[in-house]
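Enquirer: What follows is a single structure, and I will ask about it in a moment.
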């Protein structure tokens, strides 16, 4: 069951501050997008249900944008919330996203998101719409394919066969299913 997007945003802000980094609204937006994508790829379920929109500067969840709005999206968000309690799988997704993306600047994350199909295709398909919704199915499909390709490249670089790749994938899915059963 998804959690409220505000809870995910608070968790990202709190965990980032614990790692010594305060975020701008722009960077928070990109981390929310990546968290949604990674969670969809790993579980097949959305992390949150609020739509992600394809704004000019990349993927945005307007509810959170307006919650932390300043006149300049590049300014650091002053308020650091207490980390909310969330199920282990949600915290793991946020931890993974921070491990992967916290070291990038807001501008780098913006540029990266502009190169990715969900934002790019949605913007091109809706040139006269200022705030088109990026379909959650598109986000999930893109990140599942990205993980599949990355996993295959790593495995092949390490001399693993396709059968070994599939076996490792089955083991990961099995562990993930066990985690979900434990949390249910």
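The values are calculated or read from the model by the stated rules, or taken from the named source; none is laboratory data. Small disclaimer: the values here were computed from a predicted structure and weren't measured. Cβ placement follows ideal geometry from the backbone for every residue including glycine, while neighbour counts extend to all protein chains displayed.
Enquirer: If you take the residues in the stretch 145-160 that are part of a helix (DSSP H, G or I), at pLDDT below 55 and loosely packed, with under 11 Cβ neighbours inside 10 Å, which one is nearest to the chain's Cα centre (by Cα)?
Expert: 153
Enquirer: Would you be able to say whether some residue in the stretch 9-20 is touching a helix residue (DSSP H, G or I) at 6+ places or on another chain (Cβ under 7 Å), closer than 22 Å to residue 79 by Cα and either surrounded by fewer than 18 Cβ atoms within 10 Å (Cβ to Cβ) or modelled with pLDDT under 95 (or both)?
Expert: yes
Enquirer: Could you list, in sequence order, the residues of the stretch 127-144 that are touching a strand residue (DSSP E or B) at 6+ places or on another chain (Cβ under 8 Å), surrounded by 15 or more Cβ atoms within 10 Å (Cβ to Cβ) and outside any strand (DSSP E or B)?
Expert: Selection gives 132, 136, 139.
Enquirer: When you go through (1) under 14 Å from the mean Cα position of the chain (by Cα); (2) under 21 Å from residue 121 (Cα atoms) one by one for residue 98, which number turns out not to apply?
Expert: (2)
Enquirer: Contact list please: Cβ distance under 8 Å, first residue in the stretch 18-29 and on the phi > 0 side of the Ramachandran plot and without any contact (Cβ under 8 Å) to a residue 40 or more places away in the chain, second residue assigned to a loop (DSSP other than H, G, I, E, B) and surrounded by 13 or more Cβ atoms within 10 Å (Cβ to Cβ), pairs at least six apart or on different chains.
Expert: Matching pairs, first to second residue: none at all.
Enquirer: Wholly within the stretch 1-106, which helices (runs of 4 or more DSSP H) include no fewer than the required count, namely at least 3 residues that are more than 26 Å from residue 130 (Cβ to Cβ)?
Expert: Result: 5-18, 25-43, 88-101.
Enquirer: Scan (1) free of Cβ contacts under 8 Å to residues at least 60 places away in the same chain; (2) surrounded by 18 or more Cβ atoms within 10 Å (Cβ to Cβ); (3) over 22 Å from residue 147 (Cα atoms) for the single condition residue 32 breaks and write down its number.
Expert: Condition (3) is where residue 32 drops out.
Enquirer: Do we have residue 108 as without any contact (Cβ under 8 Å) to a residue 60 or more places away in the chain, on the phi < 0 side of the Ramachandran plot, surrounded by fewer than 22 Cβ atoms within 10 Å (Cβ to Cβ) and in contact with a helix residue (DSSP H, G or I) (Cβ under 7 Å, 6 or more places away or on another chain) here?
Expert: No.
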